[in-house]
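Trainee: Questions regarding the structure given below will be posed in turn.
The values are calculated or read from the model by the stated rules, or taken from the named source; none is laboratory data. Predicted model only: the values in this text are computed from it and were never measured. Glycine also receives a Cβ, built like all others from the backbone with ideal geometry; neighbour counts cover every protein chain displayed. Each accessible area value is taken on the protein alone, full model and side chains, heavy atoms only, with ligands, DNA and RNA left out. Shrake-Rupley method; radii C 1.70, N 1.55, O 1.52, S 1.80 Å.
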Amino acid sequence: MAEETLHFQAEVGRLLDIVAHSLYSDKEIFLRELISNASDACDRLRYLALTRPELAADDPNFKVVIAADAKARTLTVSDNGIGMNREDLVTNLGTIARSGTAAFMKDLTGDAAKDTKLIGQFGVGFYSAFMVADKVSVTSRRAGDAQAWRWMSDGKGDFAIAEGERDGRGTTIELHLRDGEDEFLQSERLAEIVRRYSDHIALPVVLLENGKERTLNAAAALWTRPKSEITEQQYREFYRHAGHLGDEPWLTVHFKAEGTVEYHALLFVPQTRPFDLFHPDRRHNVKLYVRRVFISDDCPELVPSWLRFLKGIVDSEDLPLNVSREMLQKNAVVTKIRKGLVTRVLSELDKKAEKAPEEYAGFWERFGAVLKEGLYEDRERQESLLKLAWFRTTHGENWSSLADYVARMKPGQEAIYFISGDDAKGLRKSPQLEGFAAKGVEVLLLSDPIDDFWVAAVGEYEGKRLRSVTQGGVDLSKIDGGEKKDEQADPPAGLAGLVAVFKLALKDEVKDVRASERLTESAVCLVADQGDLDMRIERMLRQHRQLDTAAKRILELNPRHALVRKLAGLVGKTEEAPTLDAMAHLLLDQARIVEGETLPDPAAFARRLSGALERGLA
Ligand code: ADP
Ligand code: MG
């Protein structure tokens, strides 16, 4: 077949553009990326060979070979891993397969410095070769295939594919170095880079020098080495390799479990929030090994989805090597491992929260919303998770735990109060909080979409009910907030009449009208009835078209508010009846606006508002 020229997918084109003009100070990381890929390719073939030994039989010692040619100014990285056929080359080295990554690429700003940083977080992978090379060729032969293929590109928009020549299976990547990158031809420099970034790679990485092979790395699975012998740098580079990431680990959990099940685990919590945390096709980043052999990087059973930010590996001593996808799904060993991992990770997080609360706050900011899914999904872990959950509350700006909240509860306060909405800042201004603020009763501000669900599932904490301040009636009278008695606290004489007039005027639009205990500043607010859905859940369901009717609200009037008192004084005067009717609608619309709801009849609202303003001026 003749050579064929193909275009890079648009996102790859942009990525390459950034890489080629990158401001990376450490271009040397390209070698780490190529070795990481070579190692993955060997892992995958080793796994396939468990069931098809003939695939690896002719060349059973997996390794990565680096060679430099000073005259030609080329550097090659070869492996005897699984290799790629023509189609693999086109998809793997021409597109970004995962739509999460592609979507992320669309968000790049065009600002080189910012984009470089962003991309660094998820790792540039293969394309980093173009940081040091102006031409790259990849010759690869897939294990079991007779034909090799060659991929060539200068990284500027397109690549060529042609038939190639290769002895045996695997992949050879040849970089033609750019001017000024000659350091990557020097043996000692290459040896230093491999030791710095790739020492943890579990197979030999060798340098070809005068026809002789020199092994540069320790070539033993990092996770089996004792903790005391592993440097932070080695952990970090392993994290980058295992997680396909470019940032730093925030927490490293490395242990060996012995007992009914035996396994090594080396897990990390990332320093930054992965861009695809909420994307359905994100990678599973905890890889499964069985006795040092890579088995799968698609094993969602290993960690619950509410710990999906974990990266790393688990190496089981008990599973059979030929364990299949199906076997993993309901496997007792996997279930035990999962239990062990969760317990260990939660206890490490707990320690962090105790010992380094500021660091933990950063973690909670990034991953709290994910961890809270566990409260909803995993009954067994509710207690430990409730202990780990931090909240914004009306008590200052800091994070609080539920224990902190309970310690601050007022005498006579029986429930833990919360309000939920789209952002914590906006929530602080909700009128429904006024009465609580006046009493000094603290309210949790819940602003993650998952909050409404776990709150409903959990129900209480240490025997104290979790109660929404926007749902049902509240009786704050039993709570002793130590407040002074308000001289205007007595309800005005016409209040009952006003409530009746409003009820009549709004009978098609609200479920009820009543005097409120929750308000001190605002004239009115809306609340949901006790048995109805919380207003925010309902709004969310409506947005997702899971609900098309809205339950009617209850309009609450503040008997202490000057406007309400004045309106109460108008009750019974026939000539004021139209004013009261207009005011009823106007105040209902006002309450809707504060709630973030859309007005059913904005024109009528505008007309009534103008009328009221006019009367005020007259
Ligand atoms: P990642 O390693 O995060 O998947 P890369 O850009 O590093 O991303 O590599 C893209 C893909 O190209 C890999 O997922 C793999 O399928 C393929 N690939 C790269 N290098 C090799 C190699 N040496 N052998 C086999 N496949 C490779
Ligand atoms: Mg890679």
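Trainee: List, please: which pairs have Cβ atoms under 8 Å, are six or more places apart or on different chains, and start with a residue in the range 81-99 that is closer than 17 Å to ASP281 by Cα and end with one that is at pLDDT 95 or above?
Mentor: Close Cβ pairs (under 8 Å, with a partner that is at pLDDT 95 or above) amount to ASN92/MET84.
Trainee: I'd like the full set of residues that are of a type outside the set (Gly, Ala, Ser), within 16 Å of ligand 1 (Cβ to nearest atom) and open to solvent by less than 10 Å² (accessible area, probe 1.4 Å), limited to the range 239-267.
Mentor: Initially, the range 239-267 is screened for residues of a type outside the set (Gly, Ala, Ser), giving 239-241, 244-245, 247-256, 258, 260-264, 266-267.
When the remaining residues are screened for being within 16 Å of ligand 1 (Cβ to nearest atom), the result is 239-241, 244-245, 247.
The one that is of a type outside the set (Gly, Ala, Ser), within 16 Å of ligand 1 (Cβ to nearest atom) and open to solvent by less than 10 Å² (accessible area, probe 1.4 Å): TYR239.
Trainee: Of the residues that make up the range 519-529, is at least one buried (at least 18 other Cβ atoms within 10 Å of the Cβ) and assigned to a helix (DSSP H, G or I)? Don't jump to the end; show me each part of the working.
Mentor: Looking only at the range 519-529, we keep the residues that are buried (at least 18 other Cβ atoms within 10 Å of the Cβ), and these are 519-520, 522-528.
Adding the requirement that they be assigned to a helix (DSSP H, G or I) leaves none.
Within the range 519-529, not a single residue is buried (at least 18 other Cβ atoms within 10 Å of the Cβ) and assigned to a helix (DSSP H, G or I).
Trainee: Looking only at the range 68-81, decide whether some residue is within 12 Å of ligand 1 (Cβ to nearest atom) and within 30 Å of the chain's Cα centre (by Cα). Let's see the steps before the verdict.
Mentor: Initial filter on the range 68-81 (within 12 Å of ligand 1 (Cβ to nearest atom)): 76-81.
If we keep only those that are within 30 Å of the chain's Cα centre (by Cα) as well, we get none.
The answer is no; no qualifying residue exists.
Trainee: Being of a type in the set (S, T, N, Q) and closer than 24 Å to LYS287 by Cβ is the requirement here; does ASN210 meet it? Break it down stepwise before answering.
Mentor: Values: of a type in the set (S, T, N, Q): yes; closer than 24 Å to LYS287 by Cβ: no.
Considered against the rule, which asks whether it is of a type in the set (S, T, N, Q) and closer than 24 Å to LYS287 by Cβ, ASN210 comes out as no.
Trainee: Somewhere in the range 40-49, is a residue in the same structural domain as LYS212 (by TED's automatic domain parsing), outside any helix (DSSP H, G or I), within 12 Å of ligand 1 (Cβ to nearest atom) and touching a strand residue (DSSP E or B) at 6+ places or on another chain (Cβ under 9 Å)? Talk me through it step by step, then tell me what you get.
Mentor: If we filter the range 40-49 for residues that are in the same structural domain as LYS212 (by TED's automatic domain parsing), which is where we start, we get 40-49.
Adding the requirement that they be outside any helix (DSSP H, G or I) leaves none.
No, the conditions are met nowhere in the range 40-49.
Trainee: Residues in the range 15-39 that are assigned to a helix (DSSP H, G or I) and at pLDDT below 90: how many? Walk me through how you get there before you give the answer.
Mentor: So in the range 15-39, the residues assigned to a helix (DSSP H, G or I) come out as 15-20, 29-39.
Add one more test, that the residue is at pLDDT below 90, and what stays is 15-20, 29.
So the answer is 7.
Trainee: Tell me which residues, restricted to the range 265-294, are at pLDDT below 90, touching a helix residue (DSSP H, G or I) at 6+ places or on another chain (Cβ under 8 Å) and within 17 Å of ARG338 (Cβ to Cβ).
Mentor: ASN285
Trainee: Only residues that are open to solvent by 20 Å² or more (accessible area, probe 1.4 Å) and closer than 30 Å to GLU54 by Cβ: list them for the range 140-167, please. Even if it seems obvious, please write down each step before you answer.
Mentor: Going residue by residue through the range 140-167, those that are open to solvent by 20 Å² or more (accessible area, probe 1.4 Å) are 141-142, 144-147, 149-150, 152, 154, 156-158, 163, 165-167.
ARG141, ARG142, GLY144, ASP145, ALA146, GLN147, TRP149, ARG150, GLU163, GLU165, ARG166, ASP167 - these are the residues of the range 140-167 that are open to solvent by 20 Å² or more (accessible area, probe 1.4 Å) and closer than 30 Å to GLU54 by Cβ.
Trainee: Ok, one more. On the basis of being open to solvent by 50 Å² or more (accessible area, probe 1.4 Å) and under 39 Å from the mean Cα position of the chain (by Cα), does LEU533 make the cut? Even if it seems obvious, please write down each step before you answer.
Mentor: On the way: open to solvent by 50 Å² or more (accessible area, probe 1.4 Å): yes; under 39 Å from the mean Cα position of the chain (by Cα): yes.
Criteria met by LEU533.
Trainee: Let me ask something else. Checking VAL205 against (1) closer than 21 Å to LEU341 by Cα; (2) modelled with pLDDT of 95 or more; (3) open to solvent by less than 10 Å² (accessible area, probe 1.4 Å), only one condition comes out false. Which one?
Mentor: Every listed condition holds for VAL205 apart from (1).
Trainee: For the range 246-261, state whether one or more residues are of a type outside the set (Gly, Ala, Ser), in contact with a Ser or Thr (Cβ under 9 Å, 6 or more places away or on another chain), in a helix (DSSP H, G or I) and within 16 Å of ligand 2 (Cβ to nearest atom). Steps first, answer last, please.
Mentor: Just the residues of the range 246-261 that are of a type outside the set (Gly, Ala, Ser), to begin with: 247-256, 258, 260-261.
Pick out the ones that are also in contact with a Ser or Thr (Cβ under 9 Å, 6 or more places away or on another chain) and you get 247-248, 250, 256, 261.
Next, only the ones that are in a helix (DSSP H, G or I) stay: none.
Scanning the range 246-261 turns up no residue that is of a type outside the set (Gly, Ala, Ser), in contact with a Ser or Thr (Cβ under 9 Å, 6 or more places away or on another chain), in a helix (DSSP H, G or I) and within 16 Å of ligand 2 (Cβ to nearest atom).
Trainee: Separate question: Of all residues being open to solvent by 30 Å² or more (accessible area, probe 1.4 Å) and in contact with a helix residue (DSSP H, G or I) (Cβ under 7 Å, 6 or more places away or on another chain) in the range 320-377, which is nearest to HIS264 (Cα to Cα)? Just the residue, please.
Mentor: Selected residue: LEU321.
Trainee: Identify all residues within the range 495-509 that are open to solvent by 10 Å² or more (accessible area, probe 1.4 Å) and either touching a residue at least 24 places away in the same chain (Cβ under 8 Å) or among the hydrophobic types (A, V, I, L, M, F, W, C) (or both); write none if there are none. Before the answer, list the steps.
Mentor: Our first condition is that a residue be open to solvent by 10 Å² or more (accessible area, probe 1.4 Å); within the range 495-509, this holds for 495-497, 499-501, 503-505, 507-509.
Hits for the range 495-509 are LEU495, ALA496, GLY497, VAL499, ALA500, VAL501, LEU504, ALA505, GLU509.
Trainee: Provide a single number: the residues in the range 69-87 that are away from ligand 2 (no atom under 15 Å from the Cβ) and in a strand (DSSP E or B). Don't jump to the end; show me each part of the working.
Mentor: Here is the first cut: in the range 69-87, the ones away from ligand 2 (no atom under 15 Å from the Cβ) are 69-76, 78, 80, 83, 85-87.
Among the residues that remain, those that are also in a strand (DSSP E or B) are: 69, 74-76, 78.
Total meeting the criteria: 5.
Trainee: Within 16 Å of ligand 1 (Cβ to nearest atom) and outside the structural domain of ASP43 (by TED's automatic domain parsing) - does that describe any residue in the range 205-217? Full working, then the answer.
Mentor: The initial filter retains those residues of the range 205-217 that are within 16 Å of ligand 1 (Cβ to nearest atom), namely 205-206.
Restricting the remaining residues to those that are outside the structural domain of ASP43 (by TED's automatic domain parsing) gives none.
Checking the range 205-217: not a single residue is within 16 Å of ligand 1 (Cβ to nearest atom) and outside the structural domain of ASP43 (by TED's automatic domain parsing).
Trainee: Further question on the same structure: Evaluate the following for VAL64: is it touching an Asp or Glu at 6+ places or on another chain (Cβ under 6 Å) and modelled with pLDDT of 95 or more? Break it down stepwise before answering.
Mentor: Working: touching an Asp or Glu at 6+ places or on another chain (Cβ under 6 Å): yes; modelled with pLDDT of 95 or more: yes.
Yes, satisfied.
Trainee: Keeping to the range 221-237, report how many residues are surrounded by 15 or more Cβ atoms within 10 Å (Cβ to Cβ) and without any contact (Cβ under 8 Å) to a residue 60 or more places away in the chain. I'd like the intermediate steps shown before the answer.
Mentor: Step one: of the range 221-237, the residues surrounded by 15 or more Cβ atoms within 10 Å (Cβ to Cβ) are 221-223, 225, 230, 234-237.
Pick out the ones that are also without any contact (Cβ under 8 Å) to a residue 60 or more places away in the chain and you get 222, 225, 230, 234-236.
The qualifying residues number 6.
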